[in-house]
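Take a look at the structure set out below.
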Amino acid sequence: MISVCASPNIAFIKYWGKVFSNSDHTRNIGVNASLSMTLNNAKTFVDLEASTTGAHQIWIEGTIASATDNQKIIDHIARIEDHFKNSHPQGAGFLHIRSRNNFPHSAGIASSASAFCALTIAICAAVIGKEQTQTLLDTQPEVISMLARRGSGSAARSVCGGYMLWQGWHAIKIAVDWPLRDTIVILSKSSKTISSSEGHARALTSRHFAERLNHLPERTTALQRALKSRNLHELGALLEAEALEMHMIAETSVPPVHYLSPDSRKVIGAIQALPQRNFYFTVDAGPNLHIISESSVTQTLQTLLKDLQLEAEIWEDGLGTGPTLE
Ligand code: DP6
């Protein structure tokens, strides 16, 4: 039995728009470098058993995977077997895979990142063995990151824990030791109607996309500087500008994509109107807000939500240390 646990990550600089690819090797490569913080409490657990006969069987949250998810995971098994075909031509065998999350579905927590990170590690362990996979994770995590990226781009940034910078084929961990918190304000649990994969494709049609690419390297460097010097206010200004820009790109895509809800806009407005604060927001492809801070802001957020007469669930998270393999 192989058991892997991995956490999602929240992007401080967003992966939004992919390089065109007609090869599986260059699937899901971001047009720009992106940077994220790995979470700690939210987790995907993958249990895997291999057998020499039968067929692959995949369960997600206790039920047989949908045809689409099943195919995605079978393709992922095949690409990992292909990657190791010279040293381990026998492949993985027939896999029984069970995947589950401990965090609510469609809560604005990127489950594809933790799921594909955990699946990649578990499938690698089925192909090359647990010990060799652990050695890869410890000494060449870029190999695992590159394979995870081909399952889902953001999964490339979940393999090491801490803060990761992804550019091109794989992500690397950056040397930042700052235990920030991420308090997630879950305003809605409805699944998004436009997938992030579709959002990536449309991003390239925004008339503001070229301009975004022009100034992103500067923002990415500044954000790394803010992280390294633990400057929350500098970090926060960059975080918010980046999140709002990603949504502006989505909203000016052809056809447009609207991920923010009226409630998300209300909360953003109320946060921005505060005369003083020690927390900053970011948002992925959905309406739920990630509030980044150094100390707990749950109480403040609850008061703010009450004043706005909004109901929301709060998920408290923080900086995580990366996946585990048993
Ligand atoms: C808004 O990694 O979900 O969360 O590569 O198509 O699986 P695919 O996309 P995905 O995109 C994540 C987009 C984002 C920003 C980010 O995580 O950087």
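Starting from residues that are loosely packed, with under 14 Cβ neighbours inside 10 Å and under 24 Å from Arg27 (Cα atoms), keep the ones in the range 212-224 and report whichever is farthest from the ligand (Cβ to nearest atom).
Among those that are loosely packed, with under 14 Cβ neighbours inside 10 Å and under 24 Å from Arg27 (Cα atoms), it is Asn214.
Of all the residues that make up the range 282-326, how many are in contact with a Phe, Trp or Tyr (Cβ under 7 Å, 6 or more places away or on another chain) and either assigned to a strand (DSSP E or B) or over 21 Å from Ser36 (Cβ atoms) (or both)?
Quick first cut of the range 282-326, residues in contact with a Phe, Trp or Tyr (Cβ under 7 Å, 6 or more places away or on another chain) only: 282, 285-287, 289-293, 297, 315.
In the following step, the residues that additionally are either assigned to a strand (DSSP E or B) or over 21 Å from Ser36 (Cβ atoms) (or both) were identified as 282, 289-293, 315.
Residues meeting the conditions: 7.
Just to verify a result, which residue in the range 140-183, among those that are of a type in the set (A, V, I, L, M) and in contact with a Cys (Cβ under 6 Å, 6 or more places away or on another chain), is farthest from the ligand (Cβ to nearest atom)? Before the answer, list the steps.
Quick first cut of the range 140-183, residues of a type in the set (A, V, I, L, M) only: 143-144, 146-148, 155-156, 159, 164-165, 171-172, 174-176, 180.
Applying the additional criterion that residues be in contact with a Cys (Cβ under 6 Å, 6 or more places away or on another chain) yields 148, 155, 159.
Working: Ala148: 10, Ala155: 7, Val159: 13 Å.
Top of the filtered list is Val159.
Within the bounds of the range 83-94, is there any residue that is touching a residue at least 12 places away in the same chain (Cβ under 8 Å) and among the charged types (D, E, K, R)?
Taking every residue of the range 83-94 in turn, none turns out to be touching a residue at least 12 places away in the same chain (Cβ under 8 Å) and among the charged types (D, E, K, R).
What are the residues in the range 216-243 that are of a type outside the set (Gly, Ala, Ser) and without any contact (Cβ under 8 Å) to a residue 24 or more places away in the chain, if any?
Glu218, Thr221, Arg225, Asn231, His233, Glu234 - these are the residues of the range 216-243 that are of a type outside the set (Gly, Ala, Ser) and without any contact (Cβ under 8 Å) to a residue 24 or more places away in the chain.
Which of the residues belonging to the range 105-139 are within 16 Å of the ligand (Cβ to nearest atom) and part of a loop (DSSP other than H, G, I, E, B)? Talk me through it step by step, then tell me what you get.
Step one: filter the range 105-139 for residues within 16 Å of the ligand (Cβ to nearest atom), giving 105-120.
The answer is His105, Ser106, Ala107, Gly108, Ile109, Ala110.
Hey, among Val46, Val4, Val19, which residue is in contact with a Ser or Thr (Cβ under 8 Å, 6 or more places away or on another chain) and without any contact (Cβ under 8 Å) to a residue 24 or more places away in the chain?
Working: Val46 fails: without any contact (Cβ under 8 Å) to a residue 24 or more places away in the chain; Val4 fails: without any contact (Cβ under 8 Å) to a residue 24 or more places away in the chain.
Result of the check over Val46, Val4, Val19: Val19.
If you check His200 against the conditions, is it touching a residue at least 12 places away in the same chain (Cβ under 8 Å) and over 17 Å from the mean Cα position of the chain (by Cα)?
Details: touching a residue at least 12 places away in the same chain (Cβ under 8 Å): yes; over 17 Å from the mean Cα position of the chain (by Cα): no.
No: the conditions fail for His200.
Residue check, Ser196 against (1) of a type outside the set (D, E, K, R); (2) within 16 Å of the ligand (Cβ to nearest atom); (3) touching a helix residue (DSSP H, G or I) at 6+ places or on another chain (Cβ under 9 Å); (4) modelled with pLDDT of 95 or more, all met but one. Which one?
All conditions pass for Ser196, except number (4).
One line per residue, one yes/no per condition, for (1) small (Gly, Ala, Ser); (2) loosely packed, with under 14 Cβ neighbours inside 10 Å; (3) over 20 Å from the mean Cα position of the chain (by Cα):
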position: Leu165; (1), (2), (3): no, no, no
position: Thr183; (1), (2), (3): no, no, no
position: Ile186; (1), (2), (3): no, no, no
position: Ser191; (1), (2), (3): yes, yes, no
position: His233; (1), (2), (3): no, yes, yes
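Restrict the check to the range 29-42 and report whether at least one residue is over 23 Å from Gly322 (Cα atoms) and without any contact (Cβ under 8 Å) to a residue 40 or more places away in the chain. It would help to see each step written out before you state the result.
Here is the first cut: in the range 29-42, the ones over 23 Å from Gly322 (Cα atoms) are 31-32.
Then drop every residue that is not without any contact (Cβ under 8 Å) to a residue 40 or more places away in the chain, which leaves none.
Among the residues of the range 29-42, not one is over 23 Å from Gly322 (Cα atoms) and without any contact (Cβ under 8 Å) to a residue 40 or more places away in the chain, which makes the answer no.
Quick one: count up the residues across the range 128-149 that are crowded, with 24+ Cβ neighbours inside 10 Å and either in contact with a Lys or Arg (Cβ under 7 Å, 6 or more places away or on another chain) or within 18 Å of Lys85 (Cβ to Cβ) (or both).
To start, the set of residues in the range 128-149 that are crowded, with 24+ Cβ neighbours inside 10 Å comprises 144-145, 147-149.
Now narrow it down to the ones that are either in contact with a Lys or Arg (Cβ under 7 Å, 6 or more places away or on another chain) or within 18 Å of Lys85 (Cβ to Cβ) (or both): 144, 147.
The number of residues fulfilling the criteria is 2.
Looking only at the range 275-315, which residues are touching a Gly at 6+ places or on another chain (Cβ under 8 Å) and small (Gly, Ala, Ser)?
Within the range 275-315, Ala285, Gly286 meet the criteria.
The values are calculated or read from the model by the stated rules, or taken from the named source; none is laboratory data. None of the values given here were measured: they were computed from a predicted structure. Cβ coordinates were reconstructed from backbone atoms using ideal geometry, including for glycine residues, and neighbour counts include every protein chain displayed.
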